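To keep things clear, I will list the structure first and then write my remarks on it.
Please treat every number below as a calculation from the coordinates, not as lab data. All values reported here derive from a predicted model rather than from experimental measurement. So basically every Cβ, Gly included, is an ideal-geometry build from the backbone, and we count neighbours across all protein chains shown.
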2 protein chains.
Amino acid sequence: MTSAVPLIERKKRGEALSAGELRALLNGFVAKEVPDYQMAAWLMAVSLRGMTDDETLALTQAMVESGATLDWPGLDRPTVDKHSTGGVGDKTSIVLVPLMAAAGAAFVKMSGRGLGHTGGTLDKLESIPGFVCELPLEEMRAQVRRIGCALVGQSPELVPADKMTYALRDVTGTVDSVPLIAASIMSKKLAAGARSIVLDVKWGSGAFMQTLEQARELASVLVRIGAGAGRGTRAVLSGMRQPLGGAVGNALEVREAIDTLTGAGPADLWALTLELGSHLLEMSGLAPDAAEGRATLVRLRDEGAGARMLERLIEAQHGDPRVVVRSPDLLPAAPVVRPFSVDADGARWVAAADARGIGEAALALGAGRRTKTDAVDPAVGVVLRARIGDRVEPGQPLADVHARGDDAAEQAFAALRTAFRLSPDPLPPAGDPYETVG
Amino acid sequence: MTSAVPLIERKKRGEALSAGELRALLNGFVAKEVPDYQMAAWLMAVSLRGMTDDETLALTQAMVESGATLDWPGLDRPTVDKHSTGGVGDKTSIVLVPLMAAAGAAFVKMSGRGLGHTGGTLDKLESIPGFVCELPLEEMRAQVRRIGCALVGQSPELVPADKMTYALRDVTGTVDSVPLIAASIMSKKLAAGARSIVLDVKWGSGAFMQTLEQARELASVLVRIGAGAGRGTRAVLSGMRQPLGGAVGNALEVREAIDTLTGAGPADLWALTLELGSHLLEMSGLAPDAAEGRATLVRLRDEGAGARMLERLIEAQHGDPRVVVRSPDLLPAAPVVRPFSVDADGARWVAAADARGIGEAALALGAGRRTKTDAVDPAVGVVLRARIGDRVEPGQPLADVHARGDDAAEQAFAALRTAFRLSPDPLPPAGDPYETVG
């Protein structure tokens, strides 16, 4: 391209760029013809001026075109995909992926690693002995043809522009721009090739989007991109004021996901799995409507088909499938488990179990990463024993802390003390209703 | 510094940074600890969010502190300085500097080179045989102690942060930000050490500021920075709809400046010289008020003191002083001089002599630079023979084109045809009144 400066200046003035101009800019950046500092200036202009729907779709498509894309010629299953904007204790994919495959869908879920107070699905899965997330593309494709599902890392061959752009956004204060977030999410979904996509857009203290309004805005942009690219796309808005389920920490979350597949998991995790899965079943034509989709998922869980599919998936990805039913003790366990309670002076009802604060407690235990190069401890974490609206007796534990040692447990206690708040008056449970966009 | 990202994000949200934070950011950039891409993001955030007066002053002072500063201990003359935001045909410094020195001031004028349609004082001066603009700091200081003035290039020892910041703004679409422009201008003036500063803020087609309103905004920021730094500072707003004076081109402009020092120059150039100089004489205490200052400048011109001081300045800077009075023909002259006229179908009055278009004509002749590495031709240019409001007869030349050859002259004619516009009705002359800020 000749020069990025006129494009930067036009975006600075709030004008929209054409699809061709956006493609030239992005391709120039990927080819290192447009230097970092010009891309940084453009990213900041986008952060402050926004992008039109047409621009956001064009940027997303240009990002898709920066690398390989997956398609599934001859596959006799409908392809589905799911993305979550990330939260604390979110192990939904580990429940949903095998259930959807058991229902007849093809579901390749590419996930990331955790950073900061939110966990990553890959870190959770790698707590299963032997489990491998980084599969060669051909091996992954063969697995999907055989069993209908895979839980893998983001392939570096897909959307290289996203990795480069995200790295620059991370160091230039331009992470929290709705069109840039949307293009990043949707470019990876579009490149992965599924025809039906459900997006779990979380809001609340533990989520990237702090308010319901911000989540609605992002959801509508995501859905418009998906529709513009010809994919069935819906977004579900779900609250993240307290963690999803009780377990926060890698092996602890795998355990809870398995429990949920066998009917013994927490209600909120199962409710979200049903919500997301029923949309996918309806969109992909595997169920005539969402209600039938829910019934299918309940039946597959109750018959054990979901748990058996998870065993097959773990086995296909070189892990030990006995963790699911036969030998749950193969999952790593922390040497120290200490109950956490508060002395609350007559206050009896849980008013807050702040997701971010509980995520910080798990981080303090070593369950997550403060920087990208940190190692995670698969065994440690927090398991909540009380949730918003619960009545607790004096001294009753609000959570169990699974720690490497007493010092780490004390650090986690300090974080938990700021995360929990008790009220002298009864409160309703934090059952924020789901909203659907698309 | 730890990280620039929080500072970038706060400016993105429209918050003001503290003086210490701005100093850390700028020092980090100069030390190459803050990379270009972070500075670029911050520059774009400033372009779109602006800066408070306190921030602009703090940034300016941080830029000043990035390099050496001049001071003048024991000098028995008041120090003055002047800056113009740049126009077409602006040779005011060459008239004003020797006159102010003759009036008893110390005047070190540091100037730049031309780029695009505007010329640079250094390029003009270097059309004088032997003239040297790049003096070692100590030689320049000795010259000022001896004769009271110098016309030199911007010292690279002063404000290195400005050069780095400007280079980045130039390639990131962040040139036209008022606080960034103001910090760039004022950091150089503050570092040069003068106690009284006059700013010529131009507006109109040939200027950086296209409208009077934009010029007022910049002027008020410049004056507030100067006042905040404890310097006497005033800004004069002057129109740049048509070139200043008649000559546009390096040696042609030197000739016109000399004519003005001997009373034979164009009225608008002399009027601006009087306006700027009388403010400086009043601010520096060399005249009790502006009216007396004007009288002093007229007297010094009429006595020939200004012309004699220019001879001394040229001689001190290794040029041939005979160009001023004794041998004007020592200045380079173009081999081809062709009159330019238009066939205007009964239209008799000059309605437009667009400064930018005439600057483009001079550029086409080789008088300026399209890119920083171009060489300039000292001899060529345009001399206007009619100005806005003048009545012209059919075929009467509107300008003379001084060219290297006929092809170049034709190119200049094409630019002039779009620059000049004649009207069938009489118009007033374009005597935009000066406005003073500060």
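Miscellaneous remarks
- Under the Karplus curve 6.51 cos²θ - 1.76 cosθ + 1.60, θ = phi - 60°, whole-Hz ³J(HN,Hα) for region A:78-89, x wherever Gly or Pro sits: x, 8, 10, 8, 8, 9, 10, 6, x, x, 9, x
- Remark: label point of residue B:139 defined 7 Å out from Cα along the Cα-Cβ vector; separations to the same position in other copies 7.2 nm, ascending.
- Region B:336-423 - Rg (one decimal) and Dmax (whole number), Cα, Å: 13.0, 44
- Residue A:407-residue A:267 FRET efficiency (beta carbon distance; Förster radius 51 Å; 0.05 resolution): 0.90
- Shielding by other protein chains, A:8-17, mean Cβ within 10 Å: 3
- The convex hull around the C-alpha trace of chain B, projected and averaged over every direction, spans 20.8 square nanometres.
- Under DSSP loop assignment and at most 13 Cβ neighbours within 10 Å, longest trypsin sites (Lys or Arg not before Pro)-free interval of chain B: B:33-325
- What the Cα convex hull of region B:5-50 gives, in volume per residue, is 61 Å³.
- Checking the cross-link pairs A:188/B:11; B:12/B:372; B:163/B:188; B:124/B:202; A:11/B:163; A:202/B:12 against a 21 Å limit on the alpha carbon distance flags A:188/B:11; B:12/B:372; A:11/B:163; A:202/B:12 as lying beyond it.
- For region A:79-327, share of DSSP beta bridges that run antiparallel, in % to the nearest 5: 5 percent
- Cα point-scatterer Debye curve for region A:229-269, base-10 log of I(q)/I(0) at q = 0.31 Å⁻¹: -1.05
- Each other copy holds its own label point for residue A:285; taking that point as 7 Å from Cα along Cα to Cβ, the gaps run 9.2 nm, nearest first.
- Amide H partners (placed H, <5 Å) of residue B:111, local residues excluded: B:152, B:153, B:154
- Test item: B:167-177 mean partner chain Cβ contacts at 10 Å: 5
- Across the identical copies, how the residue A:304 labels are spaced - nm, sorted shortest first, 7 Å along Cα→Cβ: 11.7
- DSSP beta bridge pairing in chain B, given as percent antiparallel to the nearest 5: 50 percent
- Cα convex hull of region A:79-327, projected area averaged across orientations, nm²: 12.1 nm²
- Centre-to-centre, using Cα atoms only, region B:188-257 and region A:379-412 are separated by 68 Å.
- Ranked from largest, the principal axis spans of the Cα set of region A:223-291 equal 39, 25, 19 Å.
- Bridge orientation summary for the protein assembly as shown: considering DSSP beta bridges with both residues in this region, about 50 percent are antiparallel.
- The protein assembly as shown - Rg and Dmax from Cα coordinates, angstrom: 36.1, 110
- Neighbouring Cβ atoms from other chains, within 10 Å of the Cβ of residues in A:192-199, number 0 on average.
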